[in-house]
Amino acid sequence: MQESLATPAPSAPSRSFISIQDPSSTTDQVLSSGPQLSKPSVPPPVKSRGPNSGAGAHRLRRIIAEDAEWSLAIVPLLTELCIQNIVKNFPNNPILTQLLPEHQQKVLNDLSPDLPLAVTANLIHDESYWRRCCMHRWPVCHVDSHGGSWKCMFFERHLENLLKHFIPGTTDPAVILDLLPLCRNYVHRLRVDQFLPPVHLPPTPRSEDQSDSGSEGETEEPTRDHYQLNDLVAGLSQLEELDLVYRVKDCGMNFEWNLFLFTYRDCHSLAATIKACHTLKIFRLTRSKVDDDKARILIRSLLDHPALEELDLSHNLIGDRGVRAAAKLLSHSRLRVLNLANNQVRAPGAQSLAHALAHNTSLLSLNLRLNCIEDEGGQALAHALQTNKCLTTLHLGGNELSEPTATLLSLVLSVNTTLTSINLSCNHIGLDGGKQLLEGMSDNRTLLEFDLRLSEVAQESEYLIGQALCANRETARQRGLNASHFMSPLTAQGPENPSR
Amino acid sequence: MNPPGSLGDLEELEGEHLSASILRPSVHSDNPQERIQARRLRIAARLEARRREALGDYLDGKKESEEDQSKSYKQKEESRLKLAKLLLCGTELVTNIQVAADIRETRRRVEEEEIKRQRLEKLENEVKTSQDKFDEISAKWEEGKQKIIPQELWEMLNTQQVHCAGLIEDKNKLINELQQELKTKDDQYVKDLKKQSDNICLLLDRMEEQVKNVMKTFRQELHHIEKAFEVERQELLTSNKKKWERALQAHNTKELEYLMNRIKKVEDYEKQLNKQRIWDCEEYSLIKIKLEQDVQVLEQQLQQMKATYLLNQEKLEYNYQVLKKRDEESTVIKSQQKRKINRHTGNYQTSLHDILNNLRSKYAKQVKQFQEENQSLTSDYKHLVMQFKEVQKAMRHFALADDEKFQEIWLMNEEEVKDLIKRGFDVDRIIHTHHLGLPWTAPDFWFLKNVGPLSQQQQKSASQILEELLMQTGNGILKPEPACWSFGLFALLIVLGLLRGRAQCIGLCFIEEEGAEETASDPASYLDLPKQISAKTTRKILMLLCDESGFLIESKLLSLLLPLEKSECYLLRLDAIFSALGIESEDDLYKLVNFFLKYRAHHHSPSSQERMSLTPALEPAEQPDFEGREEESLVEREPEEKEAPASPRLIHPNAVLKILEAFVMGLKKPRDSRPPVKLRKEVRDNSKDSEYWQALATVIPPATQNLWDALYTALEKYHLILTQRAKLLVENNALEQQNTELQLLLKQYLASKINSELQVPPTEVLRIPVKSKQT
């Protein structure tokens, strides 16, 4: 009885493992899964039935239902021939929905992944076909970064590819707009990490258009603008995530500063685009030299956005003014994640953020890594956290913080019950600050992660804090077990992804 | 963990397995039904297994949660902690690089800021000093403007130039410094890039290592956990098994105990049952005997009752019979008494009445019977009459047909015979004229002229006779023509026939005719007298009739008759009268005439009455011999006829009507009885036929035949001689011809040349015999 209980090992989960695992292993799995997939379509070779044990009884019977080796592959069935024909003529005469499910499956297994999208896009919904298409085009595929749908992945990556290689003025915009009706239902996220500028670049001084409005830039330098997303995004009804980087990859020795230019016109059109896109939940604009003015333009367009949850403007040139705008956004939207890492935020900006944060009820995560808010900003934030009941993750690494902030934070730790992760690495907290933090930790039961690396804290206190965190984790686990994984998704999202 | 439940489950399971393995039909069997059954069972088993699996899972989970401190749990906790630590450490290890990079960056930024600040300060200082210098220089320009002396100016300009150069040099220095700095920065940048790539490499390495580590440890831990689970399961299994066995043993012993108890109980019950059975049997037999006795007693009683019942029945029956008889007797007596009373009271009236009634009924019955008989007989009679008539019809038809045929055959034979006779006569004539040289006269026999069968002449219609009669009488010439005499004879005969009977009359008529023909030599003298007389009288009578019964003729006809001759007028008148009276045939006419004569005789001469009575008396005597009586009757009649002419005038014209009336009345009667008479007429006498045919056969007399025979022999001889002569003639002719031919040949030979060449010419030789012959 026990054995029969242990035996059921469903094969379905093994397939999902493939996509979850890391890229290095994924390739292997993908390669190994190739034949696995194609196996059902190929009929097993006809094996001559050897003399069975019950040969005497079987000699009279021509068809034995229990014979697993038996196959009718000698003569191709009419259905097989029809299916072959359908497959052959699929681009001209796509017949799929009229077929029986098993025949549909066969047809899909035999279809070439090179078929024109106009035929397949709205007709085929079978994941395995799109999986084959993806595998055929790209060696590495992370399907779970595309919502677990191979079809979505195919169209998203296809569109991304087109956008990446779009050269304004030379490439026909119809190339992308023609695709729009086909992919509008399947594109949920767009991650474009390069925008090519027009090819013939007139050498014009870059400093002239800095202070002017967008209209001037339009007239003077129309050629330096990148692809305008507004038509495309307006067409994509399901778009939820927009991840843009205005730069050029692999420019090599052709490097010019002009290549890395996020113009005002780009900025205005992007602002209009994201304002019009009501389904957008995540907006990322990183490594694009977004300065205060551009940030203000963008953020102004995002005010009172109905769906936006995450804003990522990391690795830009945003200063205090831009941060002030972001702080205003916090109180005018339902933003859950705000990432301003590696910008030029200083104490005033931090203070404004702290002011907004004090009464905010939606923000869960705030990242101010590699800024320079210093103690003044840190103290302001710590004060804000005393009243805030929402924030769970706070990253203040590399912000020139020191003991005064630590003392205030220790107070916060003893009071706050929502914070689960704090990062104070790369600061100058000092031995006393460490001790104070340890004190604060002693009263805390919710904090799960507290990064104090390279922050001049004593080893002893760091260790003790680590012990306290361990205890907290245990209790959190117990709570999670009892409350059926209530906290686990937050904890999983909390830490920074190391690969980024 | 509840042993009874699981035990029950197990038991059930095992039981099922056992039963399944025993009952399960093989999938490989040859019977398709069995195979189907097997597959069904298999499917059912699978479903059952799945269900049990779910149940087992549930049990397992329960077990786990309950068994907190088990080995596996410990192992799990241990590995979990270990893994958590590993993960934490790993992420720390990986993120360390980032953190390091971050702090380097912050430091660099701090340094950079510092350097920037210094540079700015330096630049500001430089700007200040250079400004001072510039101001100095520019101030000196003012000074220079005031200078008038060229040397001074030149000097000053030189110093200015030196200052400016100094200023520029400072600036250049600064620029150089900055450029130097930039260069070093560039180098720094390259270095940083390198470092960064190193860092990334390191990061990747660490990540990979981390992944490997984690996977390895995860696997290890999984393995450990599995092992722990396995061990635990093993333990659990063994313990459960032990428990199960123990329970089974306990169960077995208990069962055995129960079994023993049961056996004992069964034995006890059996004994009790036996006892009870015996007791019951005894009781049963006792009751049975008792009841049987009761039954016997009751049956005896029943028999007795039956006997008494029978006795009573017979008694009652007897009584009933006696009473019945008495009742009958009493009724008889009662009726007798009644009769007596009736007799006394009604004076036998009733008794007579009874008899009368009886008779009446009999009578009615008989009448009825006879009526029925009569009816049947009449119907039979009718039927027979019908049949008879039909037969008569058929007979008539056949008679007619026969007659026709007979006539045809007769004619044919006659023709043949006449042919033969004619040939015979021809031959005879030839013989007589040619051979004998005698004159030949054709023999004239009566029968040679006869054509058709020997029968009566066809009846002539009344009008024809009348015509003839009138013509004869009108002309007043008595011609001895056969028609006339035969007519007269016929008239007479018919009168006779009327008196006697048709058949005889006709037979007589034929015979008479034949006889008359035989005695053809004197027919006229014999028949003239009666005929003339009768013709006259009839004529007279008819004339009278014609005059008196003019009313019978239509007035139109009368007017038409006026211009005609007297005789013709009479004829037509009579014709009309006869048609009115219904007289059609000869007979009727003669009957009429006769009637007139009779009437006259009856009224005017009482003697005629006597004669009339005499003639019937004569009739029977006449019948046997025809010819003898005929003469007599004719003779007898003649005076009568002779009398008649004398007395026609005695018939008063007024009486004619009365006579006619009587005649018409009388005519109707004979007409009714006429058809049978007519039939009899057909029977003809064939006695003369043989004679006729015989006569025909012997038309050539034996004398001539003898003559022919003699002639034949003589002629034959003559013929013989003639033939001989003819032969001889032919012979002679042949010889003559031969002779001439031979002569010709001889001449030829003699004339040929060869004769001359020969020594002895044949001519010579020939000549010699010829000569000799000639000589």
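The values are calculated or read from the model by the stated rules, or taken from the named source; none is laboratory data. Every value quoted in this text rests on a predicted model; they were computed, and no experiment measured them. Positions of Cβ are backbone-derived with ideal geometry, glycine not excepted, and every protein chain shown enters the neighbour counts. Accessible surface is based on the protein model in full, side chains and every heavy atom, while ligands, DNA and RNA are left aside. Shrake-Rupley method; radii C 1.70, N 1.55, O 1.52, S 1.80 Å.
Being over 60 Å from the mean Cα position of the chain (by Cα), open to solvent by less than 70 Å² (accessible area, probe 1.4 Å), under 24 Å from B:THR91 (Cβ atoms) and more than 14 Å from chain A (Cβ to nearest Cβ) narrows it down to one of B:THR217, B:THR159, so name that one. Just one listed residue meets the conditions, B:THR217. Report whether or not B:ARG119 is in contact (Cβ under 8 Å) with a residue 12 or more places away in the chain, closer than 30 Å to A:SER455 by Cβ and over 60 Å from the mean Cα position of the chain (by Cα). Judged against the criteria, B:ARG119 is a match.
For segment B:160-168, the count of residues that are over 30 Å from B:TRP141 (Cα atoms) and in contact (Cβ under 8 Å) with a residue 24 or more places away in the chain is zero. Each residue in segment A:291-302 was checked for being under 14 Å from A:ALA276 (Cβ atoms) and hydrophobic (A, V, I, L, M, F, W, C), and 2 of them qualify.
Check whether at least one residue in segment A:365-372 is more than 14 Å from chain B (Cβ to nearest Cβ), touching a strand residue (DSSP E or B) at 6+ places or on another chain (Cβ under 6 Å) and closer than 19 Å to A:GLU449 by Cα, and report yes or no. Quick ask: steps written out before the conclusion?
At the first step, the residues of segment A:365-372 found to be more than 14 Å from chain B (Cβ to nearest Cβ) are A:365-366.
Next, only the ones that are touching a strand residue (DSSP E or B) at 6+ places or on another chain (Cβ under 6 Å) stay: A:365-366.
Now restrict to residues that are closer than 19 Å to A:GLU449 by Cα: A:365-366.
Checking segment A:365-372: at least one residue is more than 14 Å from chain B (Cβ to nearest Cβ), touching a strand residue (DSSP E or B) at 6+ places or on another chain (Cβ under 6 Å) and closer than 19 Å to A:GLU449 by Cα.
Of the residues making up segment A:436-444, not a single one is within 14 Å of chain B (Cβ to nearest Cβ), out of contact with any Phe, Trp or Tyr (no Cβ under 9 Å at 6 or more places or on another chain) and without any contact (Cβ under 8 Å) to a residue 40 or more places away in the chain.
Scanning segment A:298-321 for residues that are assigned to a helix (DSSP H, G or I) and farther than 22 Å from A:ASN388 by Cβ gives A:LEU298, A:ARG300, A:SER301, A:ARG321. Scan segment A:223-253 for residues that are touching a Lys or Arg at 6+ places or on another chain (Cβ under 8 Å) and either assigned to a helix (DSSP H, G or I) or at pLDDT below 85 (or both) and the total you get is 2.
Return the total of residues in segment A:379-412 being open to solvent by less than 10 Å² (accessible area, probe 1.4 Å) and either in contact with a Gly (Cβ under 9 Å, 6 or more places away or on another chain) or within 14 Å of chain B (Cβ to nearest Cβ) (or both). Let's see the steps before the verdict.
Step one: filter segment A:379-412 for residues open to solvent by less than 10 Å² (accessible area, probe 1.4 Å), giving A:381-382, A:384-385, A:388, A:391, A:394, A:396-399, A:401, A:405-406, A:409, A:412.
Checking which are either in contact with a Gly (Cβ under 9 Å, 6 or more places away or on another chain) or within 14 Å of chain B (Cβ to nearest Cβ) (or both) leaves us with A:396-399, A:401, A:405-406, A:409, A:412.
Looking only at that region, the number is 9.
Give B:GLU111, B:GLU142, B:GLU208 a once-over and let me know the one that is open to solvent by 90 Å² or more (accessible area, probe 1.4 Å), within 14 Å of chain A (Cβ to nearest Cβ) and more than 27 Å from A:GLU374 (Cβ to Cβ). Just one listed residue meets the conditions, B:GLU208.
The residue that is nearest to the chain's Cα centre (by Cα), counting only those in segment A:148-170 that are surrounded by fewer than 16 Cβ atoms within 10 Å (Cβ to Cβ) and in a loop (DSSP other than H, G, I, E, B), is A:GLY148. Output yes when any residue across segment B:753-766 is at pLDDT 80 or above, of a type in the set (A, V, I, L, M) and assigned to a helix (DSSP H, G or I), and no when none is. Taking every residue of segment B:753-766 in turn, none turns out to be at pLDDT 80 or above, of a type in the set (A, V, I, L, M) and assigned to a helix (DSSP H, G or I). Looking across segment B:287-309, the residues that are aliphatic (A, V, I, L, M) and either open to solvent by 100 Å² or more (accessible area, probe 1.4 Å) or touching a residue at least 24 places away in the same chain (Cβ under 8 Å) (or both) come down to B:LEU298, B:MET305. Condition check for A:VAL192 on (1) modelled with pLDDT under 85; (2) buried (at least 18 other Cβ atoms within 10 Å of the Cβ): one failure, at (1).
A quick yes/no check of all residues on (1) of a type in the set (A, V, I, L, M, F, W, C); (2) in contact with a Phe, Trp or Tyr (Cβ under 6 Å, 6 or more places away or on another chain); (3) open to solvent by 10 Å² or more (accessible area, probe 1.4 Å); (4) within 24 Å of A:LEU396 (Cα to Cα):
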site	(1), (2), (3), (4)
A:PHE262	yes, yes, no, no
A:ARG300	no, no, yes, no
A:ALA326	yes, no, no, yes
A:PRO348	no, no, yes, yes
A:ALA354	yes, no, no, yes
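Out of the residues in segment B:64-88 that are in a helix (DSSP H, G or I) and closer than 12 Å to B:GLU232 by Cα, state the one that is modelled with the lowest pLDDT.
The qualifying residue modelled with the lowest pLDDT is B:GLU64.
Among the residues of segment A:125-147, those that are part of a loop (DSSP other than H, G, I, E, B) and either of a type in the set (Val, Ile, Thr) or on the phi < 0 side of the Ramachandran plot (or both) comprise A:HIS125, A:ASP126, A:TRP138, A:PRO139, A:VAL140, A:CYS141, A:HIS142.
Would you be able to say whether some residue in segment A:414-421 is within 14 Å of another protein chain (Cβ to nearest Cβ) and either under 29 Å from A:GLY319 (Cβ atoms) or surrounded by fewer than 24 Cβ atoms within 10 Å (Cβ to Cβ) (or both)? Looking for residues that are within 14 Å of another protein chain (Cβ to nearest Cβ) and either under 29 Å from A:GLY319 (Cβ atoms) or surrounded by fewer than 24 Cβ atoms within 10 Å (Cβ to Cβ) (or both), one finds at least one in segment A:414-421, hence yes. Restricting segment A:104-135 to residues that are open to solvent by 40 Å² or more (accessible area, probe 1.4 Å) and more than 29 Å from the chain's Cα centre (by Cα), which is nearest to A:LEU180 (Cα to Cα)? Selected residue: A:SER112. Quick one: is A:HIS428 within 14 Å of chain B (Cβ to nearest Cβ), open to solvent by 30 Å² or more (accessible area, probe 1.4 Å) and either touching a residue at least 24 places away in the same chain (Cβ under 8 Å) or of a type outside the set (Ser, Thr, Tyr) (or both)? For A:HIS428, the condition - within 14 Å of chain B (Cβ to nearest Cβ), open to solvent by 30 Å² or more (accessible area, probe 1.4 Å) and either touching a residue at least 24 places away in the same chain (Cβ under 8 Å) or of a type outside the set (Ser, Thr, Tyr) (or both) - is met.
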